[in-house]
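Down below is the structure, laid out as structure tokens.
Throughout, read-outs are computed from the coordinates displayed, never taken from laboratory work. None of these values were measured; they are calculated from a predicted model. We place every Cβ from the backbone using ideal geometry, glycine too, and count neighbours over all the protein chains shown.
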């Protein structure tokens, strides 16, 4: 069975979710919100809590998959169409984070400008993960938990003594920029959609909702702490410090004779980010395999990763244009799929019960 454990879902939200938001997001958020970046990120997390709570409510009332709920309410054809659309969304949503990490790898982890092909090994990892399905996602979460916990805490401990948290005051002076920053950051908060596709693939336990929401709160708190320390260190020049995890702890003097010991933790976080980048591609292939079961999954995995590899190579010199496209133009697409779709799924549970009642009356 292609299942994932509840523990692994919790690990994803506590460790993998925040790791994906530590590269360019802090700098771009500071551009729109200045010292109010915590408020903008908090709005996004609050919206995610509502959606995640709705999906957990749905999971408590049915043991069926999202596809089965759609099929029961609207028929198999409609279910296939929705899953294919979601597959396209997952594939599209994976593009910018990959470009973001490619920039990080080439600018931070290499002394000289490397070949444009240096990032291609990632797609071999992603291809393998797609073939294994949700089980590999869960195992990656198990590995990511200790890597993220140790590395994140170490970087924060190295960086926090150099931060002036008074730079975050006064709160609210950015005004409308807070909401603009939250809106332009929506594309980074599609994680709340993922549990909808975990329905029917994990076994519920006691206090399932409480465990998942607590893990999500831990991941959100990690991001907020990172943002606070980051802005406390760089203040007005925070917008210039992209690849944030490479800069946040570089002023520590604890290990001067040994060089930048913080790079050990940066490398570990990079591994966690690789795991996280595979998730939307895995879910893309999962949707296609569910909607079109007669097609061999090898074809879907090859097609998805081949398309992303081609896009990454073609867009090698257009990162800023793609960033503006995702932040300023396509936020509505992410609102529809990552927020409205999970909420629209709630009546499906009632539709299933009504259909059973009609079948019994007949």
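Table for the structure above
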{"quantity": "Rel. contact order, % - alpha carbon contacts under 8 angstrom, at least six apart, the chain", "calculated": "41 percent"}
{"quantity": "Answer label, with Rg and Dmax of the Cα atoms in Å calculated from the coordinates and candidates (i) 26.0, 95; (ii) 25.8, 99; (iii) 20.8, 81", "calculated": "(iii)"}
{"quantity": "Using alpha-carbon coordinates, inclination of helix 347-361 to the longest axis of the chain, degrees", "calculated": "10 degrees"}
{"quantity": "Potential lengthening between residue 264 and residue 203 on full extension [0.36 nm per residue; Cα-Cα distance subtracted]", "calculated": "18.3 nm"}
{"quantity": "Ellipticity estimate at 222 nm from DSSP helix runs (n ≥ 4, -39,500 (n - 2.57)) divided over the chain, nearest 500", "calculated": "-21000 deg cm²/dmol"}
{"quantity": "Highest-MSF residue in the chain out of 74, 92, 197 [GNM, Cα springs under 10 Å]", "calculated": "74"}
{"quantity": "GNM top mover of 345, 304, 176 - the chain, alpha-carbon springs below 10 Å", "calculated": "176"}
{"quantity": "Most mobile of 111, 205, 321 in a GNM of the chain (Cα contacts under 10 Å)", "calculated": "111"}
{"quantity": "With Cα atoms, 0 to 90° folded angle of helix 134-159 axis to the chain main axis", "calculated": "20 degrees"}
{"quantity": "Sites residue 164 and residue 321, calculated FRET efficiency, Cβ-Cβ separation with R0 41 Å, nearest 0.05", "calculated": "0.75"}
{"quantity": "Folded to 0 to 90 degrees: helix 121-132 orientation relative to the chain principal axis, Cα", "calculated": "30 degrees"}
{"quantity": "Stretch gain in nm, segment residue 335-residue 218, where the contour uses 0.36 nm per residue and the Cα spacing is subtracted", "calculated": "39.8 nm"}
